[in-house]
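These notes concern the structure reproduced below.
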Amino acid sequence: MADYSTLARPYAKAVFELARDTRAFKAWSDALASLARLLADAQVSRLIGHPALTRAQLAAALNQALAGKLPAQAVALVRLLAENGRLQAIAAIAEQFEHLRAEAESRADVEITSAAPVAPAQQDQLAAAVKKRLQRDVVIDWKVDPELIAGALIRAGDLVIDGSVRGELDRLQTALTR
């Protein structure tokens with residue numbers, strides 16, 4: 001799959017600024033997620049790449065199909081992307097928008113993977129510690145991976161805290177092979 005992150009950046013920034021100015025982060029998040037799912041559908045993907053359709057025809061067809069189902073500005077975004085041959089970038093636009101939104105809301109999406117299920121009281125303690133460390137509100141996605149042996153792996157954007165036995169064994173192996 002192609003990397004559309006560079007192509008998506010100006011669109012994501014423009015949508016973010018529009019959402020910020022109109023205080024419509026949630027509406028735009030929902031609209032972009034819906035568009036990403038729609039455009040990932042196999043039938044729609046074939047339509048997007050169909051050689052018999054011009055960009056203008058594709059834009060008109062999508063505009064007609066989405067009218068009334070999404071906010072008018074989201075439909076206008078789809079039309080703009082279709083006319084510029086950029087529809088494939090919608091998933092990257094949605095992803096970058098979510099990063100900008102999280103930053104603006106001082107929120108961090110965190111994934112915590114533990115070797116065994118974590119009791120609710122411990123989850124609360126760990127969530128508080130992560131919130132304090134990141135100095136942000138956190139939204140935690142809890143996962144279990146027995147291959148960690150014990151401990152936990154915490155991912156928040158670029159930050160990775162590996163407190164698992166598996167991670168420690170890997171670091172030990174690396175040190176011994178040098």
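The values are calculated or read from the model by the stated rules, or taken from the named source; none is laboratory data. Model, not experiment: these values are computed from the prediction. For neighbour counting, all protein chains shown are included, and Cβ atoms are generated from backbone atoms with ideal geometry for every residue, glycine included.
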List the helices (runs of 4 or more DSSP H) that sit entirely inside the stretch 34-135 and contain at least 1 residues that are over 19 Å from the mean Cα position of the chain (by Cα) and among the β-branched types (Val, Ile, Thr).
42-48, 72-83, 120-134
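Sort through VAL118, VAL144 and tell me the only one that's outside the structural domain of SER45 (by TED's automatic domain parsing), touching a Phe, Trp or Tyr at 6+ places or on another chain (Cβ under 8 Å) and among the aliphatic types (A, V, I, L, M). Show your work before the answer.
Details: VAL144 fails: touching a Phe, Trp or Tyr at 6+ places or on another chain (Cβ under 8 Å).
On inspection, the qualifying residue turns out to be VAL118.
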Can you tell me which residue is modelled with the lowest pLDDT among those in the stretch 22-32 that are surrounded by 15 or more Cβ atoms within 10 Å (Cβ to Cβ) and not aromatic (Phe, Trp, Tyr)?
ALA24
Under 6 Å between Cβ atoms, at least 6 apart or on separate chains: pull out the pairs that start in the stretch 85-109 with a residue that is in contact (Cβ under 8 Å) with a residue 40 or more places away in the chain and end on any residue that is among the polar types (S, T, N, Q).
ALA92/SER5
Only one of these is surrounded by fewer than 18 Cβ atoms within 10 Å (Cβ to Cβ) and in contact with an Asp or Glu (Cβ under 9 Å, 6 or more places away or on another chain): ARG9, ARG46, ARG107. Name it.
ARG107
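Any residue that is within 19 Å of GLU103 (Cα to Cα), among the charged types (D, E, K, R) and not in a loop (DSSP other than H, G, I, E, B) - is there at least one of those in the stretch 145-162? Working first, answer last.
Here is the first cut: in the stretch 145-162, the ones within 19 Å of GLU103 (Cα to Cα) are 154-160.
Imposing the further condition that a residue be among the charged types (D, E, K, R) reduces the set to 155, 158.
From the residues that got through so far, the ones that are not in a loop (DSSP other than H, G, I, E, B) too are 155.
The answer is yes, given that some residue of the stretch 145-162 is within 19 Å of GLU103 (Cα to Cα), among the charged types (D, E, K, R) and not in a loop (DSSP other than H, G, I, E, B).
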Within the bounds of the stretch 74-94, is there any residue that is within 30 Å of VAL144 (Cα to Cα) and polar (S, T, N, Q)?
no
